[in-house]
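**Q** My questions will all concern the structure given below.
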Amino acid sequence: MVIQCLKKFSLLDYPGKVACTLFTAGCNFRCPYCCNAPLVVNTHENKEIPLKDIYRYLENCRGLLDGICLSGGEPMIQHGIEDFLGRVRELGYEVRLETNGSFPDKLRKIVSEGLVSYVAMDIKNSMESYGKTVGIEGYDMGNVCKSVEFLLSSSIPYEFNTTVVLELHQRSDFEAIGRWIAGARRYYLQRFVDSASVLRGGLHRYNESIMLQALEIVRENVPSARLRG
C-alpha cells in the first residue's frame, strides 16, 4: 500500500463528513486532464508516507474525523488495500473510495466485506470515446462495464462522476453516458480545472451555458444528475 499524500482535513472530499484524504501512487490510466499527474507518472520522485504514520494520525484523530477519502492515482492497483481498509474500519472510520472502475472483482470483494462506506466511480466518457479519454487506444471496456453494472444493482451508497473537458466531450457523449447509467442514484458532471499538475496542457473547460445543456441531456435518463465544481 503506497500512499504519497495526506490532506489532513477536508469538509469537501467526503460530502457530509469531516474527513482526511489519502492519495495513493500510480494509475493504470493516463487521462490527459488528470490533476494528479505527479502521483500517476512520477511515483519514484515522491516520498512515500509510512503506513504506521497514517495509522498513528488516524488513531489520534478519533472523535475528530468521521472518515477518510481514499483517492489517487487509482487506489485499487495497490497490493494490501483490503488489509489497509480493514484497519481503517476497525478504527471506526467511514471510507469513501474513489476508483476508475477497472477492477470489478476487487471492487465487489471490498464492498461485500464491508470495507468501504461509499464508492465514487469515474465515468470517463461514452464507451465509444473511452480510449482517447483514458489515454489507451482501443481500451477494452469489459471491466469498467462490470463495475457500472455492479454499482447500479448494489445497495452500497455510490455515485458516478464525469470530469467534462472541451476537447474530449461532445453532445453525443452525454447522450450515450445517460443511456449507459440510466437510473443511477447519483451522477455529477464536474467542471475541469486547469493547473500546473494536469497531465497534459492545453485543455479547456466548457462555459456555464454548455455545462447546463449537458446536464439537461443526461437528465433525460439520469434525473439525479447535478453539476459539481
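The values are calculated or read from the model by the stated rules, or taken from the named source; none is laboratory data. Just so it is clear, the structure is predicted and the values come from calculations on it, not from any experiment. Here the Cβ positions follow ideal geometry from the backbone for every residue, glycine too, while neighbour counts run over all protein chains shown. All accessible areas refer to the heavy atoms of the entire protein, side chains included, with ligands and DNA or RNA removed. Shrake-Rupley method; radii C 1.70, N 1.55, O 1.52, S 1.80 Å.
**Q** Return a single number: how many Lys pairs in the chain, at a sequence separation of 8 or more or on separate chains, have alpha-carbon atoms below 15 angstrom apart. Don't skip to the answer; put the middle values down first.
**A** Working: Lys7/Lys17; Lys7/Lys47; Lys8/Lys17; Lys106/Lys146; Lys109/Lys146; Lys124/Lys132; Lys124/Lys146.
Number of lysine pairs found: 7.
**Q** Separate question: Report the gain in length on full extension from Ser197 to Ser209: 0.36 nm times residue separation, minus Cα-Cα distance, nm rounded to one decimal.
**A** Length gained between Ser197 and Ser209: 1.7 nm.
**Q** Next question, about the same structure. Modelling each spin label as a point 7 Å along the Cα-to-Cβ direction, I'd like the Glu175/Lys109 distance in nm, to one decimal.
**A** For Glu175 paired with Lys109, the spin-label model returns 4.1 nm.
**Q** Here's another thing I want to ask about it. With the other protein chains left in place, how much accessible area per residue, in square angstrom, belongs to the chain at a 1.4 angstrom probe? List each step's numbers first, then the result.
**A** Numbers: 10580 Å² over 229 residues.
Here the per-residue accessible area is 46 Å².
**Q** Roll a 1.4 angstrom probe over the protein heavy atoms and tell me the percent of accessible area of the chain that is carbon or sulfur.
**A** Carbon-and-sulfur percentage of accessible area, whole number: 50.
**Q** May I have the pair-distance distribution P(r) for the chain, computed from all Cα-Cα distances with 10 Å bins from 0 and rounded to whole percent?
**A** The distribution over the chain is 8, 33, 38, 19, 3, given as percents.
**Q** Contour minus end-to-end for Glu137 and Lys8, with contour as 0.36 nm per residue of separation and end-to-end as the Cα-Cα distance?
**A** Gain on extension, Glu137 to Lys8, equals 42.8 nm.
**Q** Pairing the Cα long axis of helix 208-219 with the longest principal axis of the chain, what angle in degrees results, from 0 to 90 and rounded to the nearest 10?
**A** Here the helix axis deviates by roughly 90 degrees.
**Q** As an exercise, take the mean of 1/r over every pair of distinct alpha carbons in the range 38-132, invert it, and state the Kirkwood radius in angstroms.
**A** Hydrodynamic radius (Kirkwood, Cα pairs) of the range 38-132 is 14.8 Å.
**Q** Quote the relative contact order of the chain in percent (integer), defining contacts as alpha-carbon pairs under 8 Å separated by 6+ residues.
**A** Value for the chain: 19 percent.
**Q** Please tell me the relative contact order of the range 101-228 in percent, rounded to the nearest whole number, where contacts are Cα pairs under 8 Å and at least six residues apart.
**A** 26
**Q** Oh, and also: Given H placed 1.01 Å from N in the peptide plane, which residues other than close sequence neighbours of Tyr158 have an amide H under 5 Å from its amide H?
**A** Val119
**Q** Given R₀ = 25 Å, FRET efficiency for Ser153-Arg219 by Cβ-Cβ distance, to 0.05? Let's see the in-between values first.
**A** Numbers: r = 22 Å, r/R0 = 0.86.
With R0 = 25 Å, the Cβ-Cβ based efficiency is 0.70.
**Q** Please identify every one of the GluC sites (Glu not before Pro) in the range 125-229 that sits in a loop by DSSP and has no more than 15 other beta carbons within 10 Å of its own beta carbon.
**A** Answer by residue number: Glu137, Glu167, Glu220.
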